[in-house]
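Remarks on the structure that follows.
The values are calculated or read from the model by the stated rules, or taken from the named source; none is laboratory data. Since the structure is predicted, the reported quantities are computational estimates derived from the model, not experimental observations. A quick note on method: Cβ atoms are made from the backbone with ideal geometry, for glycine too, and the neighbour counts reach across all protein chains shown. Heavy atoms of the whole protein, side chains included, go into the accessibility calculation; ligands, DNA and RNA do not. Shrake-Rupley method; radii C 1.70, N 1.55, O 1.52, S 1.80 Å.
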Amino acid sequence: MVAKTPLVPPKPRGRTEADAPQPGLASERLRQAMVERLQRQGIADAEVLQAMARVPRHVFVDAALASRAYEDTALPIGHRQTISQPFVVARSLAVVRDLYAGSAPMDRVLEVGTGCGYQAAVMAQLFPWVASIERIEALHQQARRNLAPLALGRLHLIFGDGLQGLPKYGPYSAIVLAAGLAQVPQVLLDQLIPGGVLVAPVGASSQTLVAMRRRPEGQAGPEWVPFAYDEVSFVPMLAGVVR
Ligand code: SAH
């Protein structure tokens, strides 16, 4: 079960709110306002909203941008990559939970594209076991540093190319792609359990948030059923690693 207390790093990190009279309170208020906005934008899943309320997004962005951390926008995190927009994180995870039709509760979940680690931290509030893979080593390390104070034992960060998924730890209840691609690779779909769900931004210039659900066990019908959601804008999924 998800506890109600926010996940605030144990020590003030200087670059966040160390100068505020009551460190933590300002960001908590902004985060609460963000959650209320998400509700107005149509996110109804209470557990997703609670997870979004717990993860301090400001610790995942540079000090110069921390004041904008709770705006509903993607922000640069270096290496020409971005932290995902809160609405898109919330939507992707709500879609996964809504469509999932496995015979057991959700278990292992994979994120491709850790970036700064924000969505991975939200996922670790919702799922019992999360792996997140990142192809840029410097970002993988940055995510490690950002996430260390949150001490999320369910979260496993991996450096590597996730375009082929991560069969070593699969199959997964869900796979969330945090970078855009023209088409969902079959090799990723094959790493879902029956009833499992993959969410990805699909399209070349403009993208649509798309979900694919694998046929639940014992049911008739097609092996894969697609669902389409919002228009979104993600950085592209690329092959190979950057050291
Ligand atoms: N999940 C992040 C957003 C990351 S942006 C958040 O919560 O804010 C997308 C990330 O996907 C980038 O860091 C990019 O380097 C990474 N990426 C792109 N192609 C990849 C691949 N093939 N394997 C792993 N990571 C990839």
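Out of curiosity, is G102 at pLDDT 95 or above, part of a loop (DSSP other than H, G, I, E, B) and more than 15 Å from the ligand (Cβ to nearest atom)? Explain how you work it out, then say what you get.
Details: at pLDDT 95 or above: yes; part of a loop (DSSP other than H, G, I, E, B): yes; more than 15 Å from the ligand (Cβ to nearest atom): yes.
Judged against the criteria, G102 is a match.
Please work out if R91 is more than 26 Å from G165 (Cβ to Cβ), within 14 Å of the chain's Cα centre (by Cα) and in contact (Cβ under 8 Å) with a residue 60 or more places away in the chain.
So R91 does not fit the description; no.
Between a residue in the range 215-243 that is free of Cβ contacts under 8 Å to residues at least 40 places away in the same chain and any residue that is within 16 Å of the ligand (Cβ to nearest atom) and open to solvent by 60 Å² or more (accessible area, probe 1.4 Å), which pairs come within a Cβ distance under 8 Å, given they are 6 or more apart or on different chains?
Pairs found: none.
Can you name every residue in the range 189-243 that is open to solvent by 50 Å² or more (accessible area, probe 1.4 Å), away from the ligand (no atom under 16 Å from the Cβ) and in a loop (DSSP other than H, G, I, E, B)?
D190, S205, S206, R215, E217, G218, Q219, A220, P222, E223
Looking at (1) touching a helix residue (DSSP H, G or I) at 6+ places or on another chain (Cβ under 6 Å); (2) under 27 Å from A44 (Cβ atoms), find the lone condition where R97 falls short.
(1)
Would you be able to tell me the number of residues in the range 107-140 that are within 12 Å of the ligand (Cβ to nearest atom) and either farther than 16 Å from Q164 by Cα or open to solvent by 40 Å² or more (accessible area, probe 1.4 Å) (or both)?
Selection size over the range 107-140: 16.
Out of the range 42-57, which residues are free of Cβ contacts under 8 Å to residues at least 60 places away in the same chain and either closer than 11 Å to L93 by Cβ or in contact with an Asp or Glu (Cβ under 8 Å, 6 or more places away or on another chain) (or both)?
Answer for the range 42-57, where residues must be free of Cβ contacts under 8 Å to residues at least 60 places away in the same chain and either closer than 11 Å to L93 by Cβ or in contact with an Asp or Glu (Cβ under 8 Å, 6 or more places away or on another chain) (or both): I43, D45, L49.
So, in the range 141-186, of the ones that are under 18 Å from A124 (Cβ atoms) and of a type in the set (V, I, T), which residue ends up surrounded by the most Cβ atoms within 10 Å (Cβ to Cβ)?
This residue is I175.
Restricting attention to the range 63-75, does a residue exist that is small (G, A, S) and within 13 Å of the ligand (Cβ to nearest atom)?
Yes.
Mind counting the residues in the range 53-80 that are among the β-branched types (V, I, T), surrounded by 15 or more Cβ atoms within 10 Å (Cβ to Cβ) and within 19 Å of I43 (Cβ to Cβ)?
1
Could you grab me the full set of residues in the range 178-188 that are under 13 Å from V112 (Cβ atoms) and assigned to a loop (DSSP other than H, G, I, E, B)?
Within the range 178-188, A178, A179, V184, P185 meet the criteria.
Tell me whether the range 163-174 contains one or more residues that are free of Cβ contacts under 8 Å to residues at least 60 places away in the same chain, closer than 30 Å to H58 by Cβ and assigned to a strand (DSSP E or B). Quick ask: steps written out before the conclusion?
In the first step, residues of the range 163-174 are kept if they are free of Cβ contacts under 8 Å to residues at least 60 places away in the same chain; the result is 164-168.
Now restrict to residues that are closer than 30 Å to H58 by Cβ: 166.
This time we only want the ones that are assigned to a strand (DSSP E or B), so: none.
Looking for residues that are free of Cβ contacts under 8 Å to residues at least 60 places away in the same chain, closer than 30 Å to H58 by Cβ and assigned to a strand (DSSP E or B), one finds none in the range 163-174, hence no.
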